[in-house]
Amino acid sequence: MNILIISQQPELINRIAETAHHLAAYHVVIAAGAPLPEDFIPQVVLIDCVDDLATGLAALKPLRLSGRLRAAVAVGVVAAGDARTLEDLLAADFDEFLPAPLPRREELAVRLRLHERQSQARNAQALVEQKLAKASAHLIASRHDIHSILNHLRLGTAMIDADGTLTFLSQSAQQIFEVNEGSYLGRPWAEVISFKPQDTQRLEAIMQSPPAQREKAQLHLRTPRGRYFWLDVEVLDSPNEPARKIFFFYDMSEVHDLRRMVDEKTHFCDLVGKSKPMLQVYQTINEVATIDMTTLIEGETGTGKELVARAIHSLSHRKDKPFIAVNCGGLTDSLLTSQLFGHRRGAFTGAIEDHIGVFEAAGGGTLFLDEIGEIPLHVQTTLLRVLQEREVTRVGENTPRKIDVRLICATNRNLLGEVEAGKFRADLLYRIRVARIHMPPLRERKEDLPILVSALLTKKRASTGKEIDSISNQALRCLLDYHWPGNVRELENAIEFAVIRARTHTLHHQDLPPELLGAAAPEPQHAPAKPVSRLKERILDALSQTEGNRKEAAKLLGMSRATFYRKLAKLDIQDTPDFD
């Protein structure tokens, strides 16, 4: 694939060129005022609009007029993906946008492949249209010749008579809609081309529209055999008889799959993040969800342990049964026993009626016990017996009751240390720790912060009604510099605080809680050497965390390798072996 970059920013150019270098058969040309090689036809054009949006937008028009782009996908690199900027990009004939700073190499590579597929689809469509125009110009009376041409085109084609019956279905279309040749003739097109009712109505409306007002319809198809397709459907009038229609079906499934890959890398159920620790969490959730085993989720307060428990439940065969969460640290001993196992009327003072415990209430589903380390020892003994016998006895009764429930526990304590201190039963620990998931603290996955902030802004827009759709670089730097003792829960509170205070569509650093500003306060202007020392400290810390691996340290800091090496040289950081 040929990539044209129009930018004067070395970091942006290096990031794209480095990504393209790792992909096979990619050729990158950087526009620097000199004419492009005559034989260079770009498929993707990336134009830098970060520092000067107007100049970046204007750079595309002469390329379009020159005819050099043909089927190229024009991508604008912008600092903010707000609605106004996207409208300006569309008005300037751009096709896509990339946010600055650019995403990590893996995601950028997927996006480049996506743009390549879009360019290929456009080129294929142009070739098809050329063939059709040529076929129409030399059209003869024989319908057999038309059918032969359509059968040899690499797209699905259908011809509809004036009364809505099918007269022709190309071989590609027969394969898409799983129809045997000849079985469709004379049947209503909507019976053979099996879209959802609402999609069929949409195509009928397009057929009734004037040709100049028709647009392609993007439709999702599930075939009788369970295959899925994303199709772009175009409706044209027959050249000789406008009452007859021709459908063209462009298979865009691969493009949609690539786009989904970009989204799925950042979200898993209600969990957000694409860092290595979070990807490991997602993998473990998938592994334990399908097997009914007691699971222990460990991690600091606010890391999202309950979200993990809900994800396990939603992916298990128990997903249609109850999910009940209990915070064991918020109840007294007597209330905890009653809450867990239930009680009989009159069992103790205040027990005015029978009460079903959560083990019974969650029957067939999942019970989540948060802060399991807070349970007193005598309740631990009862809990161990319940897990061993799979039955509970309500307080005040003698008859046990069978239970069918999956138990998931969570703790922010070191339970092994609690066992050694005599505060937690060893046999109970072994019983609840059949499977383990460790939730990393936010400070160990700060590369997820921009994604988390974006997700939280979307959530707060819905709850507050305020249209906050971006965050300034200075505010984001404050968030990255903070150590987050309260983890994601504290981050959510900080974003909510900032959204309430914000006066524009962008969150600024002055909107953030004061404790964050104190942690990342601007350095005094009379001490210019201080920011350099802070940067050096951050780089040394990243190298320490990655055991000297410069490539991983650069990723941790969100820098390209070229930028990272320049910083090492500038700060005179030596004796750091590279383990790449």
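The values are calculated or read from the model by the stated rules, or taken from the named source; none is laboratory data. Keep in mind the model is a prediction, meaning the values are calculated, not measured. With ideal geometry, Cβ positions are generated from the backbone for all residues, glycine too; neighbour counts draw on all protein chains shown. Heads up: the accessible areas ignore ligands, DNA and RNA and are worked out on the full protein's heavy atoms, side chains in. Shrake-Rupley method; radii C 1.70, N 1.55, O 1.52, S 1.80 Å.
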Using the structure shown, decide if residue 176 is out of contact with any Cys (no Cβ under 9 Å at 6 or more places or on another chain) and touching a residue at least 60 places away in the same chain (Cβ under 8 Å). yes
Right, residue 191: under 19 Å from residue 121 (Cα atoms) and not in a loop (DSSP other than H, G, I, E, B) or not? no
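Here's the yes/no breakdown for (1) open to solvent by less than 40 Å² (accessible area, probe 1.4 Å); (2) at pLDDT 70 or above:
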| position | (1), (2) |
| --- | --- |
| 493 | no, yes |
| 499 | yes, yes |
| 504 | no, yes |
| 518 | no, no |
| 540 | no, yes |
| 551 | no, yes |
| 559 | yes, yes |
| 564 | yes, yes |
| 573 | yes, yes |
For the stretch 139-152, state whether one or more residues are open to solvent by 70 Å² or more (accessible area, probe 1.4 Å), modelled with pLDDT of 85 or more and outside any loop (DSSP other than H, G, I, E, B). no
Odd one out for residue 466, checked against (1) under 26 Å from residue 369 (Cα atoms); (2) open to solvent by 50 Å² or more (accessible area, probe 1.4 Å): (1)
The stretch 186-223, residues that are open to solvent by 100 Å² or more (accessible area, probe 1.4 Å) and either among the acidic types (Asp, Glu) or under 24 Å from residue 243 (Cβ atoms) (or both): 191, 201, 202, 208, 212, 213, 215
Would you confirm whether any residue within the stretch 328-336 is open to solvent by 20 Å² or more (accessible area, probe 1.4 Å), in a strand (DSSP E or B) and small (Gly, Ala, Ser)? no
Can you name the condition, by its number, that residue 468 falls short on among (1) out of contact with any strand residue (DSSP E or B) (no Cβ under 9 Å at 6 or more places or on another chain); (2) hydrophobic (A, V, I, L, M, F, W, C); (3) more than 30 Å from residue 545 (Cα to Cα); (4) not in a helix (DSSP H, G or I)? (1)
Of the residues 212, 217, which single one is over 36 Å from the mean Cα position of the chain (by Cα) and farther than 16 Å from residue 164 by Cβ? 212
Report, ordered by the first and then the second residue, all pairs with beta carbons closer than 6 Å, sequence separation of six or more or different chains, a first member in the stretch 231-242 that is farther than 17 Å from residue 163 by Cβ, and a second member that is in a strand (DSSP E or B) and not hydrophobic (A, V, I, L, M, F, W, C). 232/218; 232/250
Please verify whether residue 395 is open to solvent by 10 Å² or more (accessible area, probe 1.4 Å) and modelled with pLDDT under 95, treating the condition exactly as stated. yes
Among (1) in contact (Cβ under 8 Å) with a residue 40 or more places away in the chain; (2) more than 16 Å from residue 332 (Cα to Cα), which single condition is residue 375 missing? (2)
Looking at the stretch 345-392, which of the residues that are among the aliphatic types (A, V, I, L, M) and farther than 21 Å from residue 327 by Cβ is most open to solvent (accessible area, probe 1.4 Å)? 352
List the pairs whose first member sits in the stretch 110-127 and is within 15 Å of residue 96 (Cα to Cα), whose second member is open to solvent by 80 Å² or more (accessible area, probe 1.4 Å) and part of a helix (DSSP H, G or I), and whose Cβ atoms are under 8 Å apart, counting only residues at least 6 apart or on separate chains? 114/259; 117/254
Checked 421, 426 against criteria (open to solvent by 50 Å² or more (accessible area, probe 1.4 Å) and either touching a helix residue (DSSP H, G or I) at 6+ places or on another chain (Cβ under 8 Å) or among the hydrophobic types (A, V, I, L, M, F, W, C) (or both)); the one match is 421
Out of all the residues in the stretch 61-106, which are in contact with a helix residue (DSSP H, G or I) (Cβ under 6 Å, 6 or more places away or on another chain), at pLDDT below 85 and either in a loop (DSSP other than H, G, I, E, B) or open to solvent by less than 60 Å² (accessible area, probe 1.4 Å) (or both)? 69, 71, 102
